[in-house]
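What follows is a set of notes on a single structure, which appears directly below.
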Amino acid sequence: MPIFQLSGLMCFMLSITVKCTPERKGENGQVQDKFRFSNVKTLLSDMRILMFFILATAVGFSLGVGENYAFVLAVEKVGASGTILGLSIGLSSILDVIMYLASTKLLKKFGTNRVMIVGLQVLSTKLLLYTFCTEAWNFILVEQMRGLSWGITWTAVCNHAIKLAPPGMNATMMGIVSMGAWGVGYGLASLVGGILYDNLGGDTMFRISFLASTTVVVFYSVFVFCTEGKRENKILQFTTEDVKMIQTTENGEDKTRDDLNNNA
């Protein structure tokens, strides 16, 4: 109990410190943006940001379920040793570093939305595969999916947050994303995951978590497909109108030039 009280006190002190931090100015003399609670409602009223918040929550949820209960299941189900569990984490960390290094090129090639969708689906699929493990070494293989997906997924989430943030609201946007992933998502994984684990068993809990995360992936994918299609149509429409306007202007200039030549 004292450790939770100390943790709460530290969070409170950190919040006060952030709140009382004076505004800093950048190199251009403009005041750098800070997290403001008044901007949260404004941001979440945008459907794109709201859907992104739900996705970030699902990312934190998927990660939390795996980190909190995968090793519990490994010990109960196949009697995995500490060596096996430690090895799975070590190898996954190596893949994490590799994917962080490769994230820049992958994001430029595929875009943040596609990387987030695929990354979350891999994280959620990992939860399902835990239920099919019958040997201790199976958990080593499944855990590597975290290394392949987590680093680049979180990088894409942070990049997408900055991309969606209106001018002067970068800090607030990152605060919302962190709240969704580490507050709501990870918190639900710990609370709901524990309740389901005790009442339904580990395998059932992981399968329900997989279905929940996959549902978010499907809805977000449909949303992105629809909104990107509308945006491309608008761009195409604007481009067509611009071309017509340019052609009309050029035809008018050509006609004026011919009239001047005839008068001369």
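The values are calculated or read from the model by the stated rules, or taken from the named source; none is laboratory data. Bear in mind that the values here come from a model prediction, so they are computed numbers and not experimental data. Glycine also receives a Cβ, built like all others from the backbone with ideal geometry; neighbour counts cover every protein chain displayed. Just the protein is used for accessible areas: all its heavy atoms, side chains included, with ligands, DNA and RNA removed. Shrake-Rupley method; radii C 1.70, N 1.55, O 1.52, S 1.80 Å.
What the table below lists for this structure:
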{"read-out": "Apportionment of accessible area to carbon and sulfur, segment 160-213, percent (1.4 Å)", "value": "71 percent"}
{"read-out": "Cβ-derived FRET efficiency at R0 25 Å, residue 203 paired with residue 226, nearest 0.05", "value": "0.10"}
{"read-out": "Across 41/163; 126/163; 41/109; 108/163, pairs whose alpha-carbon gap is larger than 21 Å", "value": "126/163; 41/109"}
{"read-out": "Heavy-atom accessible area per residue - segment 88-134, 1.4 Å, Å²", "value": "52 Å²"}
{"read-out": "Net charge, residue 143 excluded, C-beta distance under 12 Å - Lys, Arg +1, Asp, Glu -1", "value": "0"}
{"read-out": "Exposure of residue 117 as accessible area (Å², to 10), given a probe of 1.4 Å and all protein chains", "value": "30 Å²"}
{"read-out": "Residue order for 46, 96, 198 - accessible surface, 1.4 angstrom probe, largest first", "value": "198, 46, 96"}
{"read-out": "Per-residue ³J(HN,Hα) for segment 194-210, Karplus 6.51 cos²θ - 1.76 cosθ + 1.60, θ = phi - 60°, Hz, x for Gly and Pro", "value": "x, 5, 5, 5, 5, 8, 10, x, x, 4, 5, 4, 5, 6, 5, 5, 4"}
{"read-out": "Accessible area (Å², 1.4 Å probe, nearest 10) - residue 84", "value": "40 Å²"}
{"read-out": "Heavy atoms of residue 62: accessible area, 1.4 Å probe, square angstrom to 10", "value": "0 Å²"}
{"read-out": "Candidate residues 133, 226: accessible-area rank, largest first, probe 1.4 Å", "value": "226, 133"}
{"read-out": "Largest-first ordering by accessible area, 1.4 Å probe, given options 164, 44", "value": "44, 164"}
